[in-house]
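Structure first, commentary second.
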Amino acid sequence: MSTSSADVLICGAGPAGLVLGNILRAEGIRCLIVERQSRAHVESRTRAGFLAANSVRILSENGLAEGLHTNGQHHDTCVFRGDHGEFELKYSGLGRGEIHTVYPQQDLVRDLIAEFLNRGGEIRFATEVQEIDPHDAALLLADGSRLTGRFVAGCDGQRGVSRQAVPAQVYHWDHGISWFALLAQAPPSMAAVMYAIHPNGFAGHMARTATITRYYLQVPPGFDPDAWSDKEIWDELHVRMRADQHGELRTGPFVERRVVDMTSHVMDPIQHGTLFLAGDAASLISPSAAKGANLALMAAEVLARALATQINLGDAQPLIRYSAEVLPRIWRAQEFSHWMIDLLHGPFGNDSDSVFLRSLQRARLESLRDSRAHQDFFAENYIGV
Ligand code: RFL
């Protein structure tokens, strides 16, 4: 049995937990992060890269953006390619005129860990939380010990334990689509994000760094990530991206392959007693619109301000309103992500229903190509959270 001297116990050292911890430390609040994996593991876990303007603002305003400003790259264009040809949307000139900053998630996590420790925070790596007691603000650890604080933040991702401690309604949606998510050791093939729509299925291209590029291929659910050789993957990417018409891709070995199912879930509420959820623990969003890490940062900032208001000023109102504040923003992102999935994936087959839905998909793309109003809507939602 052990206790802790922390006001806030944070379960999970991903983007949500680390941004939360850093803002709380800047407010002078004692907090302890408990992380199941080793430091080396979380600092090398490749995932997101596209940070929206609001995420860059959160990191900048809280003194967490030095690495991002030094090494991140600005991105403001995406290209849609299909049997209609190709069109480009330069979203810096559309909607609110915002852009993405591309900064690999593992680099951001590394920066956030260093700064949290620098601010006097404590992280226990390789320590698994088995259960959370939302009434006593307690974490039960795998070694049988118990940590208690005043509040618990459940930032332990989609497979964590904190979700189980919140008696919420869980809205789950399986889009029935899977992406083969690949990291190639190769420079980006173009300056833009590219979404390719092809009868074989969707294919995507997103820059990460000068030497690493993310590609996606739509695959059947249950697809074995080792089923194809590197050459077979590049051949399929060339076909779906119509490289013969638009220019060859810059190839290299694949250094990561995994299959990501397009599923979404939202919990309502995302708090119970002393426990508050943020990031993938509160809502999982399909990566179709690159929103997950951005939502994690958004919720972490709102939660940090609410906890600081309660702990430092004795005002409980922002904490009481936490779910009501965050959930509408989660649903907005879910709605756009769902819209993107419909835009990028048509059904296979030549039966009447499939042809009907593919025709709608094509009409939607043509509208996006031709209508300035549609482009403004796209840009606002693509970058906004
Ligand atoms: P994380 O990052 O999963 O961190 C949770 C942490 O909790 C730890 N943990 C535990 N610790 C202690 N005890 C336990 N019982 C624990 N259980 C778990 C875990 O080890 C981990 O360290 O959640 P967080 O902080 O909510 O952050 C969410 C983001 O990581 C996620 O939404 C994004 O990566 C999603 N995502 C993208 N988001 C974007 O905004 N832009 C993108 O470009 C983007 N690309 C992506 C993505 C996700 C992808 N995959 C792998 C699903 C691309 C891909 C391929």
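Grab the beta carbon distance between Glu122 and Asp83, set R0 = 56 Å, and tell me the FRET efficiency rounded to 0.05. Please report the intermediate quantities before stating the final value.
Numbers: r = 56 Å, r/R0 = 1.00.
That pair, Glu122 with Asp83, gives E of 0.50.
If you count the DSSP beta bridges with both ends in the chain, what percent of them are antiparallel, to the nearest 5? If you can, show how the numbers build up before the last one.
Working: 50 of 68 bridges.
Restricted to the chain, the bridges split so that about 75 percent are antiparallel.
Once you have all Cα-Cα distances for the stretch 3-158, histogram them in 10 Å bins from zero and send the whole-percent values.
Spelled out bin by bin, the stretch 3-158 gives 11, 35, 28, 16, 8, 3, 0 percent.
Leaving ligands, DNA and RNA out of it, work out the accessible area of Ser145 with a 1.4 Å probe and give it in Å² to the nearest 10.
Rounded to the nearest 10, that gives 20 Å².
For the stretch 124-246, what does the accessible surface come to per residue with a 1.4 Å probe? Please give it in Å². Provide the component values of the computation, followed by the final result.
Numbers: 5350 Å² over 123 residues.
With the other protein chains kept in place, the stretch 124-246 gives 44 Å² per residue.
List the DSSP H helices in the chain whose Cα atoms stretch 30 Å or more along the helix axis and whose mean Kyte-Doolittle hydropathy is at least -0.5.
For the chain, where a helix must reach 30 Å along its axis and average at least -0.5, the hits are 292-313, 322-344.
For the stretch 252-347, which GluC sites (Glu not before Pro) are in a loop by DSSP, counting at most 13 other Cβ atoms within 10 Å? Present the calculation step by step, with values, prior to reporting the outcome.
On the way: sites: Glu256, Glu301, Glu325, Glu335; in loops: none.
Taking the stretch 252-347 and a limit of 13 other Cβ atoms within 10 Å, no loop GluC sites (Glu not before Pro) are found.
Give me the distance between the Cα centres of the stretch 193-217 and the stretch 137-152, rounded to whole Å.
42 Å
Report the FRET efficiency, 1/(1 + (r/R0)^6), for Ala363 and Phe223, where r is their Cβ-Cβ distance and R0 is 22 Å, rounded to 0.05. Present the calculation step by step, with values, prior to reporting the outcome.
On the way: r = 29 Å, r/R0 = 1.34.
The value I calculate is 0.15.
Please build a GNM for the chain, connecting alpha carbons under 10 Å apart, and tell me which residue among His338, His100, His246 fluctuates the most.
His246
Once you've got the GNM for the chain with C-alpha springs shorter than 10 Å, pick whichever of Cys78, Cys31, Cys155 has the biggest mean-square fluctuation.
Of the options given, Cys78 has the highest mean-square fluctuation.
Can you figure out the FRET efficiency of Arg39 with Ser352, using R₀ = 45 Å and their beta-carbon distance, to the nearest 0.05?
Values: r = 56 Å, r/R0 = 1.23.
After rounding to 0.05, the efficiency reads 0.20.
With springs only between Cα atoms under 10 Å, which of Val109, Val302, Val355 fluctuates most in a Gaussian network model of the chain?
Val355
Quick check: residue separation of Asn200 and Gln317 times 0.36 nm, minus the Cα distance between them. What number comes out in nm?
Working: separation 117, 0.36 × 117 = 42.12 nm, distance 5.19 nm.
Length difference between fully extended and current span is 36.9 nm.
Once phi is turned into ³J(HN,Hα) by the Karplus curve 6.51 cos²θ - 1.76 cosθ + 1.60 with θ = phi - 60°, what whole-Hz value does each residue of the stretch 189-206 show in order, with x for glycine and proline?
Coupling constants for the stretch 189-206: 8, 7, 6, 9, 6, 10, 10, 10, 10, 9, x, 6, x, 6, 9, x, 10, 9 Hz.
Quick one: ranking Asp7, Asp261 by accessible area, 1.4 Å probe, largest first, what do you get?
Details: Asp7 20, Asp261 85 Å².
Per-residue accessible area, sorted high to low, gives Asp261, Asp7.
Could you size up the charge dipole of the stretch 14-77 around its Cα centre, putting +1 on the beta carbon of Lys and Arg and -1 on that of Asp and Glu, and report it in debye to the nearest 20? Don't skip to the answer; put the middle values down first.
On the way: 7 positive and 6 negative charges, 58 e Å.
Dipole size: approximately 280 debye.
The values are calculated or read from the model by the stated rules, or taken from the named source; none is laboratory data. All figures in this text were calculated on a predicted structure; none of them were measured in a lab. When we count neighbours, we look across all protein chains shown, and the Cβ atoms used for this are built from the backbone with ideal geometry, even at glycine. Heads up: the accessible areas ignore ligands, DNA and RNA and are worked out on the full protein's heavy atoms, side chains in. Shrake-Rupley method; radii C 1.70, N 1.55, O 1.52, S 1.80 Å.
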